[in-house]
Each structure stands twice: as structure tokens, then as C-alpha cells.
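Scroll down for the structure; my scribbles are underneath it.
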Amino acid sequence: MALSLTQEYFQIPLVTRTYTTACVLTTAAVQLQVISPFQLYFNPDLIISRYQIWRLITSFFFFGSLGFGFLFNIIFLYRYCRMLEEDCFRGRTADFVFMFLFGGILLTLLGLFANIFFLGQAFITMLVYVWSKRNPLIRMNFFGLLTFQAPLLPWVLMGCSLLLGNPVTADVLGIGVGHLYYFLEDVFPNQPGGRKLLTTPDLLRVMFDPPDLLQEEQQEEDLQHNEEQGS
């Protein structure tokens, strides 16, 4: 049983596995009072004056204490992050990491003006937005109450936040950054006179997409394609 769980865990794609694990462990550490949320939240003054650089990262890892809010966020994070990594970014881990960096840096800069202490929810909204724009034909069923096309999902989530009386600042930031990434990556390069502005650094490709790994994945894709043609 333990072995099968371990195997299942390591079958989760690298980026999804790492980020989800970091979020779960951070929440567990807070719940066990090993660390305090006050050591994690985004505070530019402490980052600059006291060199608490870790806050640039930890503000993306904490979704609140254990409860419905945490479960809701962690399920959405795992589901849509994994679907992006296994579908749109399959065999392109470096590009996926670059999207994480692009979104994280922009959200951090916007967080300077939006007075948001934890940026994880905005980051999840960004992931959901990018996934929804790349899967426009998928029909969604929201808790059996609403049926709609995938591109409406981020807006439905923001509407739920409004109905529950929660701030929607994080949703707005996530949608904005997600749309900017989608526009620069998928829309503008295909426009007349457009070109690709987002280029993954070679260092990330060396770290996450070794040539031998890319070659093996390409061979698997070619083999699968040949089998489909033969059938």
C-alpha cells in the first residue's frame, strides 16, 4: 500500500508535485505551530529592510488554516496545474517553469499596490485562466448547479467569491496576469506582424529539459503516431 502511494506520488509531474507539496507542507507547519503565518506573508518593507527574501516565495504557499478554503484551493491547484503540465506543457517542463516565474514575478509586483498578503489564490486563478483559454470547447459542471464553457470558469470563481462576501482582488490579479501570458504566448505571435515575445531562458532548458529526455519523448510521440496511422 505504502509503495503504491509512493509510486503514485512520483507519477505526478515534477512542477505540480513540487508546488502542491510545498503548499501542503507549509499549511501543515502552520497548523502544527512550527511556523507562523506572520513569517510567511508578503511584506515589501521586511523583504527590503530586513532581507527576509523568503517572503517572495512563501506568500504563494499558504492558503489559510485547514478547512474548506484550503481544500478548495489545493484541489484546484492540483487539478489545473497537473492538466496544464500533462497537456499543454507536456515535454516542456522548462516552459512551464518559465510561466511560473512570469506569473509569480508579475503578481509580486502587482501585490506591491494591491495590499495582498498571500498571493497563492491569485496564482491559482492565473493557472485556471490559462488552462480555460487553451481548452475553450470543454463544458464545465460547477457543483451540479451551473453548466458553462471552460473560458468562463475564472469568472464563475470570482462570482462565487463575491457571493460569499470575499475580496475579489486576488481573482482580478490572477485573471489579468493569466490573460497577459495567454495573449503574449498564444495570441500576439499569431497576429499579422506579431512575434513571440516570451522566450524560455536556455538555463531553464538545460535544467529541466535535458536533450536525452527530449529525444526519448519525441521517439515515444513518433511511435504513438505511427501506431495510430497503422491502425
Scan the chain and hand back the longest stretch that contains none of the trypsin sites (Lys or Arg not before Pro) lying in DSSP loops with at most 13 other Cβ atoms within 10 Å. 91-194
Cα→Cβ-extended label distance, 7 Å offset, between THR147 and THR6, nm: 4.5
Between VAL34 and ASP186, what's the calculated FRET efficiency when r is the beta-carbon distance and R0 is 30 Å? Round to 0.05. 0.15
Grab the DSSP H runs of the chain that are 4 residues or longer, score each as -39,500 (n - 2.57), total them, divide by all residues and round the 222 nm result to the nearest 500 deg cm²/dmol. -19500 deg cm²/dmol
Calculate, for ILE57 and ASN115, the FRET efficiency according to 1/(1 + (r/R0)^6) with r their C-beta to C-beta distance and R0 22 Å; round to the nearest 0.05. 0.70
Given a 1.4 Å probe and heavy atoms of the protein chains only, how would you sort LEU184, LEU77, largest accessible area at the top? LEU184, LEU77
How much of the accessible area of the chain, in percent, comes from carbon and sulfur atoms when a 1.4 Å probe is used? 64
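Assign one of three labels to the stretch 83-164, namely rounded, prolate or oblate, based on the Cα gyration tensor with a ≥ b ≥ c the square roots of its eigenvalues; rounded applies when a/c is under 1.5, prolate when it is not and a/b is larger than b/c, and oblate otherwise.
Oblate shape, in that a/c is at least 1.5 and b/c is the bigger or equal ratio.
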Inter-label distance for TRP155 and LEU46, nm, one decimal - labels placed 7 Å from Cα along Cα-to-Cβ: 3.8
Probe 1.4 Å, all protein chains in place: accessible area of VAL97 in Å², nearest 10? 20
Within the chain, which complete DSSP H helices have Cα atoms spanning at least 18 Å along the helix axis and a mean Kyte-Doolittle hydropathy of 0.0 or higher? 14-31, 68-83, 93-114, 120-134, 169-182
Loop only by DSSP, 13 or fewer other Cβ within 10 Å of the Cβ. Give me the chymotrypsin sites (Phe, Trp or Tyr not before Pro) in the stretch 122-159 that pass, ordered by residue number. PHE143
Find, among the chymotrypsin sites (Phe, Trp or Tyr not before Pro) in the stretch 1-54, those assigned to loop by DSSP (not H, G, I, E, B) with at most 10 other beta-carbon atoms within 10 angstrom. TYR51
Largest-first ranking of VAL130, VAL34 by accessible area, probe 1.4 Å, whole protein assembly kept, is VAL34, VAL130
Net charge within 13 Å of GLN11 by Cβ-Cβ distance, Lys/Arg positive one each and Asp/Glu negative one each, not counting GLN11 itself? -1
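Averaged per residue, what accessible surface does the stretch 1-80 expose to a 1.4 Å probe, in Å²?
Per residue, the stretch 1-80 has 62 Å² of solvent-accessible surface.
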Around MET140, which amide H atoms from residues at least 5 apart in sequence, or from another chain, sit under 5 Å from its own amide H, with H modelled in the peptide plane? PHE148, GLN149, ALA150
FRET E, pair THR199, ASN166, Förster distance 30 Å, beta-carbon r, rounded to 0.05: 0.25
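The values are calculated or read from the model by the stated rules, or taken from the named source; none is laboratory data. Owing to the predicted nature of the structure, the values given are computational and were not obtained by experimental measurement. Don't worry about glycine lacking a Cβ; one is built from the backbone with ideal geometry, like all the others, and counts go over all protein chains shown. Each accessible area value is taken on the protein alone, full model and side chains, heavy atoms only, with ligands, DNA and RNA left out. Shrake-Rupley method; radii C 1.70, N 1.55, O 1.52, S 1.80 Å.
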